[in-house]
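Where a number appears in this text, it was derived from the coordinates with a stated rule and is not lab data. Fair warning: this is a prediction, and the values are worked out from it, not measured in the lab. Every residue, glycine among them, receives a Cβ derived from its backbone with ideal geometry; neighbour counts consider all protein chains shown.
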Amino acid sequence: MAWGEVPMVVKDEINYNMPLASIADIYDLIVSDLKNAEQMVPDNYTKEPFARNGVNIAVNKGAVKATLAYVYMSMAGYPLNKGTEYYQLAAGKAKEVIDASKKGTYYYKLLPDYKQVYSMEWNKKNPEVLLGVYYNLGIKAITNAPLADFLADYAYGGGGWGDTNGEIKFWYDFPKGSRKDASYFPKIILKNETQLRDWWEDPDPTAPRVVIAPCFMKKVETTTGDEFDYTNPKVLMNQNGEKTHQIIRLSEVYCWYAEAVGRSKTGSITEAVNLLNEVRNRANGTAVADRDIYKTTMSYDELAEAAYNEHGWEIAGYYWGNIATRARDMLRMDRIKDHFEYRKLNPAIEVAPGVFRKEAVSVSGTWNDSKVHLPRPFVDSSINPNLKN
């Protein structure tokens, strides 16, 4: 829950002193709405504008079930800590989606190559997307901010906005393979250069780079609709885009199912491991030696952590289009405090032989649990005094 306790508006009324609803009550309303939606929407749509290019544009039953699965995952963890029962509910809903997809009730399937997942080729027809928000530059239905995720000293599009960048430790731990190559810029070109460099390079000691960090490549797109090419410093880009917001993908449902089975310590480890291997095999690419790394001899705890990590890598860098970001996973597992303390230390990491890099953005202060929530918007808190606490 981004802001924690907030007013819950369920009637068409104006009340500037509306009390804050508890997190439990907010979740109960979400679950109630999703259960109602589950009974109201069809398995699939067949006519425009609800379906197009062979995929559902409107929300269908599979999308609702998948959303409910992650809501149950969130309720099982922090701050409600409902535990085993809700992990079992999450596993059950995720399995409904998985089984129906395998049977053909839903068209969902994993694309064979991870680089296709966020590609322009599959942007409007991705069978892996259960829940998406679709856009169209031609009618000025625009989104995405393609410049937001890379640094200002990159050559592409005249330089990025530098709104975000990847954490160095997360990049370091990220398994090598086609998924990593499609998630981060494999190489970069700095302004006024044509040379491909590693992200950690700082070539001019007289004018050191302000921020040196790995950057994600999932949201970048050109103004021409062509695939983005990080080897071309003159690629045409601007602030507008039309990449679909992929709110839930099938690979995530696989990970949620495996994690929920592990955390509840009930259900088939074999089935969960097989699904997790489908995700990881694609991520690793074509290397035969790296196939089926997860074994059915895993314990439930090992399965849960493997699935948790796989989900983090699977959606890495997709921080605003996804319902289940890495930060939200960390919140439900109550791990943000530990990460806060790690970031305060900010240790130098050897990213290449003899090359050490630290985070450019420092973290300081003393932890308190309010830090897991975003600050409440000023406009809202200035109207409703209950939001000032």
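A few remarks follow.
- The stretch 191-221 and the stretch 98-125: distance between their alpha carbon centers, rounded to Å: 33
- Likely footprinting exposure, 201, 5, fewest C-beta neighbours within 10 Å first: 201, 5
- Cβ-Cβ distance of residue 355 and residue 121, R₀ of 35 Å, FRET efficiency by 1/(1 + (r/R0)^6): the value works out to about 0.50.
- Between residue 300 and residue 137, residue separation times 0.36 nm minus the direct Cα-Cα distance comes to 54.1 nm.
- Using a cutoff of 8 angstrom between alpha carbon atoms and counting only pairs six or more residues apart, the relative contact order for the stretch 173-220 works out to 38 percent.
- Given charges at beta-carbon only (K, R positive; D, E negative), |dipole| of the stretch 140-241 in Debye: 200
- Potential lengthening of the chain between residue 338 and residue 48 amounts to 99.6 nm, from the contour at 0.36 nm per residue minus the alpha-carbon distance.
- The gain in end-to-end length when the residue 80 to residue 227 segment is fully stretched comes to 48.6 nm, 0.36 nm per residue minus the alpha carbon separation.
- Partners for residue 234 among lysines (Cα-Cα distance below 20 Å; same-chain residues under 8 apart left out): 187, 191, 218, 219
- For the stretch 232-267 versus the stretch 314-367, the gap between their alpha-carbon centres in whole angstrom: 18
- Restriction of the trypsin sites (Lys or Arg not before Pro) in the stretch 127-185 to DSSP coil positions whose beta-carbon has at most 14 other beta-carbons within 10 angstrom yields 140, 176.
- Distance in nm between pseudo-label sites at residue 14 and residue 173 (7 Å out along the Cβ direction from Cα): 4.9
- Where GluC sites (Glu not before Pro) fall in DSSP loop in the stretch 65-127, at most 15 other Cβ within 10 Å: 121
- The stretch 140-241 - Rg (one decimal) and Dmax (whole number), Cα, Å: 13.4, 44
- Approximate spin-label separation residue 386-residue 236, in nm, with each point projected 7 Å along Cα-to-Cβ: 5.2
- Of 67, 366, 296, the one that fluctuates the most in a GNM where the chain has Cα springs shorter than 10 Å: 366
- In summary, the convex hull built on the alpha carbon positions of the chain has an orientation-averaged projected area of 21.7 nm².
- Listed residues 220, 206, 152: farthest to the positive end of the dipole of the stretch 140-241 (Cβ charges): 220
- Within the chain: Cβ-based charge dipole about Cα centre, in debye rounded to nearest 20 (Lys, Arg +1; Asp, Glu -1): 320
- Counting other Cβ atoms within 10 Å as a rough exposure proxy, the listed residues 89, 345, 236 run 345, 236, 89 from fewest neighbours to most.
- Restricting attention to the stretch 1-129, the count of lysine pairs at 8 or more positions apart or across chains with alpha carbons under 14 Å apart stands at 9.
- Loop-located GluC sites (Glu not before Pro) in the stretch 226-293, at most 13 other Cβ atoms within 10 Å (DSSP): 227
- Packing-based order for 211-222, 42-53, using average beta carbon neighbours within 10 Å, highest first: 211-222, 42-53
- Each of 373, 245 was scored by other Cβ atoms within 10 Å of its Cβ. Listed from fewest to most, they are 373, 245.
- Whole-Å semi-axes of the stretch 188-228's equivalent ellipsoid (Cα gyration tensor): 24, 12, 8
- Magnitude of the charge dipole, the stretch 206-275, Cβ model with Lys/Arg +1 and Asp/Glu -1, debye to 20: 300
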